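Taken together, the values in this text are just the output of simple stated rules run on the coordinates, not laboratory data. Model, not experiment: these values are computed from the prediction. Because the Cβ atoms are built from the backbone with ideal geometry, glycine has one as well, and the counts that use them run over all protein chains shown.
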Amino acid sequence: MDKKLRIQDLDPLFAEDLAREPGCQHLRRCFSCGVCTATCPVAEAEPGFSPSRIIRHVLYGLRATLLASPDLWHCARCAVCSFQCPQDVRFADVIQGLRSLALREGVIPPEKVAQLERGEGLVRELRRRLINEVLSRPGAGEDLKATLARLVKKLELK
């Protein structure tokens, strides 16, 4: 972090507020082992994304910074991190709790949340169709880019 932390920018109640969200009650159990980040497929594809850093920001009280961060929306909510956590910190639930707080506190407008959720649904549908396409037809996966482009075009028509 290149920016200096200022005590007046910290919210000591942030972790407490988030812990009240469904599934977030074990948030303070995190001891920064990094298993969540090490097993996260998004962190592998998006180098700046780190579930363990997000948890640290919550525990430090960086409410405004974190709720405005695009990182909340990068998470695919696959729950791999949650299954691997030795402390039962359910990061997928933590992300959902953070998204809910960002929406309730007006950091992100409801229409943007709806667009992002629709986008996530399209990505899930595209993944499902791609898997079916590649596995069901002989040779269908040979030109993966062309197959993917065709499926994206079909989804755009709906």
Given the peptides 44-53, 59-68, arrange them by the average over their residues of other C-beta atoms within 10 Å, most packed first. 59-68, 44-53
Viscosity 1.567 mPa s, 4 °C: Kirkwood-radius Stokes-Einstein D of the chain over Cα pairs, µm²/s: 74 µm²/s
I'd like the FRET efficiency for A68 and A114, computed as 1/(1 + (r/R0)^6) with the beta carbon distance as r and R0 of 30 Å, rounded to 0.05. 0.95
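Could you tell me what fraction of 2.2 N^0.38 Å the Cα radius of gyration of region 1-92 comes to, as a two-decimal ratio?
In units of the globular-protein estimate, region 1-92 measures up at 1.04.
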Can you list the cysteines of the chain that have no other Cys Cβ under 4.7 Å away? C24, C30, C33, C40, C75, C78, C85
FRET efficiency, A149 to S100 (Cβ-Cβ, R0 25 Å, nearest 0.05): 0.10
Inter-label distance for L13 and R137, nm, one decimal - labels placed 7 Å from Cα along Cα-to-Cβ: 5.7 nm
